[in-house]
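**Student:** This structure is in structure tokens; I'll ask about it shortly.
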């Protein structure tokens, strides 16, 4: 009986876990719709209202195919026609058509053309952010899960990692190998992330603004202004990464926000996803 109870408890736990992740996914998609698709939803609703008002304020009779039943009741004309409402509704419909032809369709085509490139760059940035922080985690000898890191856990790991003790080989020319510490490696990883973001920013007119906001949050992270100190940490008195712990945690949250938005925005998964 104890075995049966244990198995039932395990099944219930699995169901609750699946329900939790499903709800989180739904909330993420709802947030995406409210943030990025609200303008399109509003335009669509106004268009439907304008079409309805055109029928209800027009002096023309209802088409025979719509006569009788529910549709005729919906499109039944007002008792007194209103030319102002009719003209405004017609003007709005014409404006929407011009907007679709002149702005929306050409921009959508350009966005689709560069989307594979943007996807590739975003996936690289997300993975590079993970690689930068994972190096600190691995050197702390802690078994914390990267997907659920807390501020306290990251602060703890930063305070036990002495970047001067961990050395890496870097190539600085043909056949020239030099040894640098962990601080320099973090600087090198950050530089690579910054360059990737700058490559995306060159295509600014055709990039989703939600992606731009999140990429810019990473690009302007306070680490940008203190990273030089990490590159030269061998000359400083710091014996751990505690001074940068809060900055690293904010960087962690920003990279997770980018990943969550990107997965929803692109509707795809990728091989090197740290949160998969």
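**Student:** Give just the number: which of (1) part of a helix (DSSP H, G or I); (2) at pLDDT 90 or above does residue 239 not satisfy?
**Tutor:** Checking residue 239 against (1) part of a helix (DSSP H, G or I); (2) at pLDDT 90 or above, the one that fails is (1).
**Student:** When you scan segment 205-221, do you find a residue that is in a loop (DSSP other than H, G, I, E, B), more than 21 Å from the chain's Cα centre (by Cα), buried (at least 16 other Cβ atoms within 10 Å of the Cβ) and at pLDDT 90 or above, even just one?
**Tutor:** Of the residues in segment 205-221, the ones in a loop (DSSP other than H, G, I, E, B) are 207-208, 220-221.
Then drop every residue that is not more than 21 Å from the chain's Cα centre (by Cα), which leaves none.
Scanning segment 205-221, I find no residue that is in a loop (DSSP other than H, G, I, E, B), more than 21 Å from the chain's Cα centre (by Cα), buried (at least 16 other Cβ atoms within 10 Å of the Cβ) and at pLDDT 90 or above, so the answer is no.
**Student:** So is residue 199 closer than 18 Å to residue 224 by Cβ and assigned to a helix (DSSP H, G or I) or not?
**Tutor:** Values: closer than 18 Å to residue 224 by Cβ: yes; assigned to a helix (DSSP H, G or I): yes.
Considered against the rule, which asks whether it is closer than 18 Å to residue 224 by Cβ and assigned to a helix (DSSP H, G or I), residue 199 comes out as yes.
**Student:** Can you tell me which of 117, 130 is crowded, with 20+ Cβ neighbours inside 10 Å and under 17 Å from the mean Cα position of the chain (by Cα)?
**Tutor:** Being crowded, with 20+ Cβ neighbours inside 10 Å and under 17 Å from the mean Cα position of the chain (by Cα) holds for just one of 117, 130, which is 130.
**Student:** Might you let me know whether segment 94-103 holds any residue that is farther than 30 Å from residue 237 by Cβ, in contact (Cβ under 8 Å) with a residue 24 or more places away in the chain and surrounded by 16 or more Cβ atoms within 10 Å (Cβ to Cβ)?
**Tutor:** Yes, because at least one residue in segment 94-103 is farther than 30 Å from residue 237 by Cβ, in contact (Cβ under 8 Å) with a residue 24 or more places away in the chain and surrounded by 16 or more Cβ atoms within 10 Å (Cβ to Cβ).
**Student:** How many residues does segment 153-165 contain that are farther than 7 Å from residue 240 by Cα, out of contact with any strand residue (DSSP E or B) (no Cβ under 6 Å at 6 or more places or on another chain) and surrounded by 13 or more Cβ atoms within 10 Å (Cβ to Cβ)?
**Tutor:** Result for segment 153-165: 5.
The values are calculated or read from the model by the stated rules, or taken from the named source; none is laboratory data. These figures come from a predicted structure and were not determined experimentally. As a convention, Cβ positions derive from the backbone with ideal geometry for all residues, glycine included, and neighbour counts pool all protein chains shown.
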